Amino acid sequence: MLGADDVWPLWADEPAVTFEDTSVAAEVAVVTTVDQPVLLGFRAAKPNGRAMLVLGGGGYTQLMAGREGVQVAAWLTGLGYHAFVLIHRFPNAANGITAPLDDAREAMRLIRGSGLAAAGLGTVGLSSGGHLAACLAAAYPDGWTAPVSRHPDAPTRPDVMVIGYAPISTNAAGRTIIADKPPLPPVEKQAMYDRLQPDAQLLPSPPPAFIVYADNDPVVPVENARRLHTAWQDSGGAAELHVFADAPHGFALDTQGLPVSIWPTLCEAWLRQVGFLD
């Protein structure tokens, strides 16, 4: 699937995923439905003993599995990481509101249980995937019942985090910055955003984080970046924040001709600085 070296279903024996167009290249693939989630592994030619979980965006109603998944994995494997792209379920009537976070947590456990991240496991999350990544450093909500894991003792918190243009909490009721913003459909998606506000629920001493946003993002207000950065500092963590003045939402790795295109290079330097890249 999508050219992955490893295909690991999370909960069932077989993944069940629907693509928008099966004829397009893996690098631009879009997932429209996920009945059974799957973790796709991409191996590095020269492994460094570390792994990264890649969480792409799509507003929790689809998944940019190519631009914000496969392309990100190719970048990371080039740096020596074993990259894992998560094709997670969406919050909807069929899956409920807990599904994306439960899938991400189980993915972390599976990777740690595999032994392929002996030297460390980080996350790279973009757009809604950045919100999901941030939730891995936040408290699991009281009242939610996590499904039974195959690796229940494996930690779900990343060792380092890269978060880009993510809707951290401005979609939550009472915390929007757009006056009279209507609830987001479907109702389960809005309920998830209301319940998962990682800046307000961040656990103490979060892992080092690299945060990158566009100041003029028309989809995800840059206030999300400020909230996340402040939360990291207030919780005793270290976060590097980059805000580019002019960039489109979803700039990912392939937005050329603008200053934002250098963010992966800045991120590589940061990964070396925090000791997560040789």
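Observations on the model:
- The ranking of Ile211, Ile163 by Cβ neighbour count inside 10 Å, starting from the fewest, reads Ile211, Ile163.
- Each peptide in 35-45, 242-252, 138-148 was scored by the mean count of other Cβ atoms within 10 Å over its residues; highest first, the order is 35-45, 242-252, 138-148.
- Furthest towards positive pole of dipole, Ile163, Ala231, Val24, structure part the chain, Cβ charges: Ala231
- DSSP bridge pairs, region 35-97: antiparallel proportion in percent, nearest 5: 60
- Prolate/oblate/rounded call for the chain, Cα gyration tensor, a/c under 1.5 rounded: rounded
- Efficiency of FRET from Cβ geometry, Glu20 and Asn216, R₀ 30 Å, rounded to 0.05: 0.60
- Each of the peptides 6-12, 126-132, 62-68 was scored by the mean count of other Cβ atoms within 10 Å over its residues; in descending order, highest first, they stand as 126-132, 62-68, 6-12.
- The HN-Hα couplings worked out from phi for region 241-253 by the Karplus form 6.51 cos²θ - 1.76 cosθ + 1.60 (θ = phi - 60°) are 10, 10, 10, 8, 5, 9, 7, x, 5, x, 5, 6, 10 Hz, whole numbers, x standing for Gly and Pro.
- Under the convention that each Lys and Arg Cβ holds +1 and each Asp and Glu Cβ holds -1, the size of the dipole of region 121-278 around its Cα centre is about 260 debye.
- DSSP beta bridges fully contained in the chain are about 40 percent antiparallel.
- Helix-only mean residue ellipticity at 222 nm for the chain, each DSSP H run of n ≥ 4 adding -39500 (n - 2.57), per residue, nearest 500: -7000 deg cm²/dmol
- Candidates Leu121, Leu203, Leu53: whichever shows maximal mean-square fluctuation once the chain is modelled as a Gaussian network with Cα springs under 10 Å: Leu203
Computed from the coordinates by the stated procedures, all read-outs in this text should not be read as laboratory data. Not measured: the values here are computed from a predicted model. Glycine also receives a Cβ, built like all others from the backbone with ideal geometry; neighbour counts cover every protein chain displayed.
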